[in-house]
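Below is one structure, written out as structure tokens, with a few remarks after it.
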Ligand SMILES: Nc1ncnc2c1ncn2[C@@H]1O[C@H](COP(=O)(O)OP(=O)(O)OP(=O)(O)O)[C@@H](O)[C@H]1O
Ligand SMILES: [Mg+2]
């Protein structure tokens, strides 16, 4: 049975009389935890920002019709050659349409699926922007502006004008900033575009689009589905791409496989398309934790040293305590609680320091063309980090205190008293 | 009269630097209210015996009984409890916790025992301080009082749990004759008025003569 109030008073008195060493030990923890909080908040803040940058714009599943050679060549149907290996030279892709067959029923089917947050149709068309006598090659994508805004954060990338304006204007175009700059046109101006077939259409600029990728911004523009269908001279069921957003991105792969199989279309899932992206996140997290743990180990050695020193200085006290009836366990607990007090106080101060620093970072301006919505450095104020931080502090001080306390427990009072 | 402490066939060896026997077949009893002193030449094993009797040293052969209960071979936890409740120890060098006040030093064993409330312990501590005429020092840091005063604080601390026996290893060895006399008087009064048992190692012949009984040691054995 341990008498905690007494143990704690003794622990406290020791710490207070050695306030300098105690402070140094606690500061070590404060520094470690503070650095951990700052680092992890900043790193995951950046990660989340980069994730969003990718995730917002990128569909979880992209469905389209790929022009590719037929997987099963006619010769495979010929039974007589079943046991031999046919070699076919110069396979040509099959002639097929770019449009998705039965796109509208497929869209309905996808939108009814409970795992699907939304599926939106797109039409991709190659066009030319006409500026005087010059023709600039570009892409015009027909979209459902409001759905795109809802599911793929289109609004974040419209730097002038709005998605509603595009939706409300039959002849509107959302022009890439690069294109606008090249042609020196502004919102409200009219421009002309021409299709590959040579038909010329006038459109009104209702907004400017900036993705942050300048190569893309120099060619990409958006217009309404209907407008593009009209420009291409196609019917209302002409749709070349379907972008799907799921409730859970993990389901993208199996679902893409299912769609490919069921509808004989190409369906690319997010992870397959962006394999390198996951790796980056993992590596950044790894670095954060490696640095934090290193800092805490250093702090742990500091505590270990200081407790060891304290035990040498308090050798007499330990002998007296044992002589007047404190057990080895009591003495061990005295030094363990000193370690834990240092860990707790240092840890809490570390959390405050980390919060202060990361809050400060979150106010530093950070503006870049690539991220139109980001104004300051991104910080992730996740309460979990603070929980992990304090647990980290307590666990590392526990280990740092364990050996010295164990030593204090085993000190033989007779030896000390004789040594006097 | 009841027996407080009994040593039966205590043998003790030191292994280093070479094996040699410090204590040879020690047998004696101390009765309740008896004031006993141990004398003997330097190096004859008095301190060694006292550390064994006080349960701090457990590496010995033989049996030790406190209040007719065998305490040899008990667990460390149990021995700590016995030291706390039944044995008061006074060292030659006034062993106090320097960072604590006199009052805190005295209260500590009682707090550890945890049988009384904090107020009751504090009152007890003041009673002991008054008994030893040092109540004016209560709130001073232990490191800031004189040697004679420290020794009295140590006695007060030894008394706080009303132990069965007080043991002292040359408690007056470090004091001038005046202070030594003082400490003796205190012991004598504790013995006479409160029927406390005392076992004190001393080199001071005058001190020993005024106790009830002298145990004389020679080369690890008891002469008489
Ligand atoms: N830890 C030890 N290891 C080996 N020998 C020891 C140890 N401690 C004491 N001794 C020896 O044991 C013998 C008895 O020592 P002890 O301290 O009991 O003597 P003492 O009677 O108290 O002497 P003094 O009157 O000088 O205090 C001495 O010869 C001493 O050298
Ligand atoms: Mg001695």
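The values are calculated or read from the model by the stated rules, or taken from the named source; none is laboratory data. Bear in mind the structure is a predicted one, so any value in this text is a computation, not a measurement. A quick note on method: Cβ atoms are made from the backbone with ideal geometry, for glycine too, and the neighbour counts reach across all protein chains shown.
Numerical summary
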quantity: The listed residue being touching a residue at least 40 places away in the same chain (Cβ under 8 Å) and in a loop (DSSP other than H, G, I, E, B), out of A:331, A:374; calculated: A:374
quantity: Helices (runs of 4 or more DSSP H) lying entirely in segment B:41-141 (those with 3 or more residues that are more than 13 Å from chain A (Cβ to nearest Cβ)); calculated: B:118-131
quantity: Tally, over segment A:7-48, of residues that are under 30 Å from residue A:153 (Cβ atoms) and surrounded by fewer than 18 Cβ atoms within 10 Å (Cβ to Cβ); calculated: 2
quantity: Pick from segment A:53-74, criterion at pLDDT below 80 and in contact with a helix residue (DSSP H, G or I) (Cβ under 7 Å, 6 or more places away or on another chain), ranking: farthest from residue A:115 (Cα to Cα); calculated: A:54
quantity: Test: residue in segment A:84-97 that is in contact with a helix residue (DSSP H, G or I) (Cβ under 8 Å, 6 or more places away or on another chain) and assigned by TED's automatic domain parsing to the domain that holds residue A:239; calculated: no
quantity: Test: residue B:21 is within 12 Å of ligand 1 (Cβ to nearest atom), outside any helix (DSSP H, G or I) and at negative phi; calculated: yes
quantity: Enumerated strands (runs of 3 or more DSSP E) restricted to segment A:163-210, each holding at least 1 residues that are surrounded by fewer than 20 Cβ atoms within 10 Å (Cβ to Cβ) and not assigned by TED's automatic domain parsing to the domain that holds residue A:226; calculated: none
quantity: Residue that is farthest from residue B:28 (Cα to Cα), among those in segment B:188-224 that are under 15 Å from the mean Cα position of the chain (by Cα) and within 12 Å of ligand 1 (Cβ to nearest atom); calculated: B:202
quantity: Residue in segment A:18-34 that is without any contact (Cβ under 8 Å) to a residue 40 or more places away in the chain and within 17 Å of residue A:298 (Cα to Cα) present; calculated: yes
quantity: Test result for residue B:28, closer than 30 Å to residue B:136 by Cα, touching a strand residue (DSSP E or B) at 6+ places or on another chain (Cβ under 6 Å) and either away from chain A (no Cβ under 14 Å) or surrounded by 14 or more Cβ atoms within 10 Å (Cβ to Cβ) (or both); calculated: no
quantity: Of all residues in segment B:161-177 being more than 16 Å from ligand 1 (Cβ to nearest atom) and under 19 Å from residue B:34 (Cα atoms), the one that is nearest to the other protein chains (Cβ to nearest Cβ); calculated: B:161
quantity: Breaking point among (1) closer than 30 Å to residue B:22 by Cα; (2) surrounded by 15 or more Cβ atoms within 10 Å (Cβ to Cβ); (3) away from ligand 2 (no atom under 16 Å from the Cβ), for residue B:129; calculated: (1)
